[in-house]
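The values are calculated or read from the model by the stated rules, or taken from the named source; none is laboratory data. Because the structure is a prediction, the values reported are computed rather than measured. Neighbour counts are summed over all protein chains in view; Cβ atoms, including those assigned to glycine, are modelled from backbone coordinates with ideal geometry.
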Amino acid sequence: MAGGSVSECKEYLFKVLVIGELGVGKTSIIKRYVHQLFSQHYRATIGVDFALKVINWDSKTLVRLQLWDIAGQERFGNMTRVYYKEAVGAFVVFDVTRGSTFDAVSKWKHDLDSKVKLANGNPIPSVLLANKCDQKKENSNNTALMDNFCKETGFLGWFETSAKDNINVDEAARFLVENILANDKGLPYEESNGDRIKLDQETVAAESKSGCC
Ligand code: GTP
Ligand code: MG
């Protein structure tokens, strides 16, 4: 059974990366998703930030998403290999008002795939986010083109999002978690050291007793 528990409640902790160019809205998407907040004020992330989102996935499943908010400037550094370690999913974000940030998506995806893999050797599931869709687009990439781009670059799919207006943020996260859980199916908890962070058994037991779901 995945996720030790007393009351047949499965608990997961998944490390999910959020990457993409400077100022595309990674921190804003996470703030919207986790804290239901948005600010126009831009403060560049330095290095990496963290946030935790707890999801009552269904009556028997609790998912904790550990979101790693990686600074856009890190693409030019050597730290991404360290940050990507043991991640099981990723969002790659670009800004629809700046075409150059879309051009950089393939570079981020390549960086990701070359530095982290699932235990079975497959790339980790990743979803492309076309953020700031509340604003005017610089290039109007149509749906077919975007679908094709995702297929070619190995994204599971893409969403137009707005951290500002709260568009598709929850939907994109749900889509990614569905895919992470699908990878996880049938993988015994004890043997999943490669692609999932183990929860402290005592914490799991204590929380399960108090009714985790
Ligand atoms: P780095 O930390 O430098 O890599 O940037 P980031 O990707 O974390 O970007 P951040 O979330 O800090 O957002 C940059 C700017 O874009 C801020 O001024 C935000 O208010 C703005 N912004 C983020 N998301 C949206 C959005 O969906 N719509 C609009 N209109 N503005 C947004
Ligand atoms: Mg940031």
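Quick notes on this structure:
- Selection count, the stretch 124-164, where residues are in contact (Cβ under 8 Å) with a residue 60 or more places away in the chain, within 21 Å of SER114 (Cβ to Cβ) and β-branched (Val, Ile, Thr): 1
- Residue in the stretch 1-21 that is surrounded by fewer than 22 Cβ atoms within 10 Å (Cβ to Cβ), within 12 Å of ligand 1 (Cβ to nearest atom), under 28 Å from LYS107 (Cα atoms) and among the acidic types (Asp, Glu) present: no
- Lone qualifier among ASN120, ASN148 - being at pLDDT 95 or above and surrounded by fewer than 16 Cβ atoms within 10 Å (Cβ to Cβ): ASN148
- Filter result (more than 16 Å from ligand 1 (Cβ to nearest atom), surrounded by 21 or more Cβ atoms within 10 Å (Cβ to Cβ) and among the polar types (S, T, N, Q)) within the stretch 68-105: none
- Test result for ASP134, surrounded by fewer than 16 Cβ atoms within 10 Å (Cβ to Cβ), farther than 27 Å from TRP57 by Cβ and of a type outside the set (Gly, Ala, Ser): yes
Here is a yes/no grid of residues against (1) in contact (Cβ under 8 Å) with a residue 60 or more places away in the chain; (2) part of a helix (DSSP H, G or I); (3) out of contact with any Leu (no Cβ under 8 Å at 6 or more places or on another chain):
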position: ARG32; (1), (2), (3): yes, yes, yes
position: LEU37; (1), (2), (3): no, no, yes
position: TRP68; (1), (2), (3): no, no, no
position: SER100; (1), (2), (3): yes, yes, yes
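- Candidate set: the stretch 72-98, residues that are among the aliphatic types (A, V, I, L, M), outside any strand (DSSP E or B) and in contact (Cβ under 8 Å) with a residue 40 or more places away in the chain; chosen: the one farthest from ligand 2 (Cβ to nearest atom): VAL88
- The combined condition, being touching a residue at least 24 places away in the same chain (Cβ under 8 Å) and surrounded by 21 or more Cβ atoms within 10 Å (Cβ to Cβ), is not fulfilled by ASP113.
- Among residues of the stretch 39-49, those that are in contact with a helix residue (DSSP H, G or I) (Cβ under 9 Å, 6 or more places away or on another chain) and either in contact (Cβ under 8 Å) with a residue 60 or more places away in the chain or more than 11 Å from ligand 2 (Cβ to nearest atom) (or both), counted: 1
- Options LYS164, LYS60, LYS136, LYS132: the member that is at pLDDT below 95 and in contact with an Asp or Glu (Cβ under 9 Å, 6 or more places away or on another chain): LYS60
Yes/no matrix, rows are residues, columns are (1) of a type in the set (D, E, K, R); (2) in contact with a strand residue (DSSP E or B) (Cβ under 8 Å, 6 or more places away or on another chain):
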| residue | (1), (2) |
| --- | --- |
| GLU11 | yes, yes |
| VAL24 | no, yes |
| ILE46 | no, no |
| SER59 | no, no |
| LEU65 | no, yes |
| TRP68 | no, yes |
| GLY72 | no, yes |
| PHE76 | no, no |
| TYR83 | no, yes |
